[in-house]
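Trainee: Sharing a structure with you now.
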Amino acid sequence: MHKVTRAALGIFMGLSLSGLAIAAEAPATGLGQAWPNAVDVSLSPHWHVYVFVLDGVKYIQVNDINGNVVGAVGTAGGQFITLPIGEDAQYVSTPQQRAAHLSSMKAATPTTVYRDSATVVTATPLNNGTTALDAAATTSCPDPEQCGNLL
């Protein structure tokens with residue numbers, strides 16, 4: 001009887017662990033969607049940020065509180081590209097591509113919505129009702145109090 005119990009327990013444990021492994025490896029999908037199949041990694045409760053990785057390129061999508069796609073960037077090896085998705089894609093800036101027409105628009109204080117060891121993304125509401133996104137390489141800061149919203 002104990003052998004049957006041990007065998008059943010072993011099968012149950014094996015199935016449970018294989019289910020966890022499959023769940024942990026499930027790819028995030030839905031780039032460009034309002035509610036993609038990905039974890040919300042936003043640093044702000046007023047935004048939703050989703051990260052997708054494919055072939056070494058990280059795609060970071062920012063949605064507003066209602067799920068509307070604001071914009072997205074792709075990044076790899078310190079290089080950035082603005083993706084042509086989102087209501088405010090024309091207001092997305094990267095180190096390689098600045099949104100030129102932002103200088104004439106009065107902006108509010110930027111909010112850091114995403115940060116990892118290589119990338120920081122901020123969202124800034126503009127006076128015309130749109131949002132500017134700025135993606136940049138993460139910089140180190142010796143004094144967090146002086147760095148403001150970078151941390």
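Readers should treat all values here as calculations from the given coordinates under stated rules, not as data from a laboratory. Values in this document were obtained by computation on a predicted structure and should not be read as measured data. Glycine also receives a Cβ, built like all others from the backbone with ideal geometry; neighbour counts cover every protein chain displayed.
Trainee: Quick one: would you say Val51 is touching a residue at least 60 places away in the same chain (Cβ under 8 Å) and either touching an Asp or Glu at 6+ places or on another chain (Cβ under 6 Å) or of a type in the set (Gly, Ala, Ser) (or both)?
Mentor: no
Trainee: Can I ask one more? Taking the options Asn68, Asn63, Asn37, name whichever one is surrounded by fewer than 18 Cβ atoms within 10 Å (Cβ to Cβ) and closer than 18 Å to Ala123 by Cβ.
Mentor: Asn68
One line per residue, one yes/no per condition, for (1) in contact with a helix residue (DSSP H, G or I) (Cβ under 9 Å, 6 or more places away or on another chain); (2) in a strand (DSSP E or B); (3) among the charged types (D, E, K, R):
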{"site": "Phe52", "(1), (2), (3)": "no, yes, no"}
{"site": "Ile60", "(1), (2), (3)": "no, yes, no"}
{"site": "Gly67", "(1), (2), (3)": "no, no, no"}
{"site": "Pro95", "(1), (2), (3)": "no, no, no"}
{"site": "Met105", "(1), (2), (3)": "yes, no, no"}
{"site": "Ala123", "(1), (2), (3)": "no, yes, no"}
{"site": "Leu133", "(1), (2), (3)": "yes, yes, no"}
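Trainee: Give the residues of the stretch 54-63 that are closer than 20 Å to Ala136 by Cα and of a type outside the set (Phe, Trp, Tyr), sorted by residue number.
Mentor: Leu54, Gly56, Val57, Lys58, Ile60, Gln61, Val62, Asn63
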